[in-house]
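Participant: Got a structure for you, questions after.
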Amino acid sequence: AQKVTQAQTEISVVEKEDVTLDCVYETRDTTYYLFWYKQPPSGELVFLIRRNSFDEQNEISGRYSWNFQKSTSSFNFTITASQVVDSAVYFCALSEEDQAGTALIFGKGTTLSVSS
Amino acid sequence: DVKVTQSSRYLVKRTGEKVFLECVQDMDHENMFWYRQDPGLGLRLIYFSYDVKMKEKGDIPEGYSVSREKKERFSLILESASTNQTSMYLCASRSDRVLHEQYFGPGTRLTVT
């Protein structure tokens, strides 16, 4: 069965600190996709990144970076030099197979609070 | 830009009322989804639709039904609202051509009193 675990329920940091959000997933499929979404206080889910199971390259986008490790079934998200605007709920999600109608399986989310 | 809109951002209904939550997408996406978001539980799939008039149950369909008469519109129906259906409801759509990238609407925060 597929599952996504975000063990950190809440994280509080001070501006300019680096912070890593953990995501561990379970799947029996060899082909799958992993995602991170951000949900700011406004409520709308904002897509951040998608990785497929065959691409283990780490990715960096500005202050954001993602570390995908199949050996540990983890897809961790690091924010460097955090800012107050990074305060949000962050969701990790999994999608299996490559078929129509496939829904996302979400973790329970990590609430990040960045104070000035 | 893909746009997914939901009819209301906030809604207050009474127990026993029939409630309609509407979702419209403007990118001709084949697949549409309704999720429910609760604190500490993340997002859970209620129903999805992969074509007009087609629907599939998700993880928590009890107490809900859906309707997809037109490709761009996917409605979530609470036949008789109950207080345990107080939640944030999120609609999403996805193309068959760009698999695995869902676009979400702004959400409807429903309160049932």
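Participant: Return the whole-Å distance between the Cα centroid of the stretch A:8-56 and the Cα centroid of the stretch B:9-35.
Facilitator: If you average the Cα positions of each part, the centres end up 26 Å apart.
Participant: What span do the alpha-carbon atoms of the stretch A:1-70 cover on each of the three principal axes, reported in whole Å from largest to smallest?
Facilitator: Here the spans come out as 38, 24, 22 Å, largest first.
Participant: Just list whichever of A:K70/B:K71; A:K70/B:K57; A:K108/B:K71 have alpha carbons separated by over 32 Å in the model shown. Kindly include the intermediate steps, with their values, before the conclusion.
Facilitator: Working: A:K70/B:K71 37 Å; A:K70/B:K57 30 Å; A:K108/B:K71 30 Å.
Cα-Cα > 32 Å for A:K70/B:K71; rest within.
Participant: On to the next question. Could you work out the local net charge near B:F74, counting Lys and Arg as +1, Asp and Glu as -1, over the other residues with Cβ closer than 15 Å to its Cβ?
Facilitator: With Lys, Arg at +1 and Asp, Glu at -1, the net is +2.
Participant: Hey, what do the phi angles of the stretch A:15-25 turn into as Karplus ³J(HN,Hα) couplings, whole Hz, using 6.51/-1.76/1.60 and θ = phi - 60°, x for Gly and Pro?
Facilitator: 3, 6, 6, 8, 9, 10, 9, 8, 9, 10, 10
Participant: Please list the three semi-axes, largest first and in whole Å, of the ellipsoid equivalent to chain B, using sqrt of 5 times the eigenvalues of its alpha carbon gyration tensor.
Facilitator: Numbers: eigenvalues 102, 38, 34 Å².
Working through the eigenvalues yields semi-axes of 23, 14, 13 Å.
Participant: Another question, if that's okay. In the protein assembly as shown, what is the volume of the convex hull around the alpha carbon atoms, normalised per residue and reported in Å³?
Facilitator: Hull volume normalised by residue count: 123 Å³.
Participant: Place +1 on the Cβ of every Lys and Arg and -1 on the Cβ of every Asp and Glu in the stretch A:1-51, take the dipole about the Cα centre, and give the residue among A:Y32, A:S42, A:T9 whose Cα lies farthest towards its positive end.
Facilitator: Farthest towards the positive pole: A:Y32.
Participant: Relative to the Cα centre, what is the charge dipole magnitude of chain A, using +1 at the beta carbon of each Lys and Arg, -1 at the beta carbon of each Asp and Glu, and rounding to the nearest 20 debye?
Facilitator: The calculated dipole for chain A is roughly 80 debye.
No value in this document is a laboratory result; all are computed from the given coordinates. Everything numeric here is computed off the predicted structure, so don't read it as measured data. Positions of Cβ are generated from backbone atoms using ideal geometry, with glycine treated the same way; all protein chains shown enter the neighbour counts.
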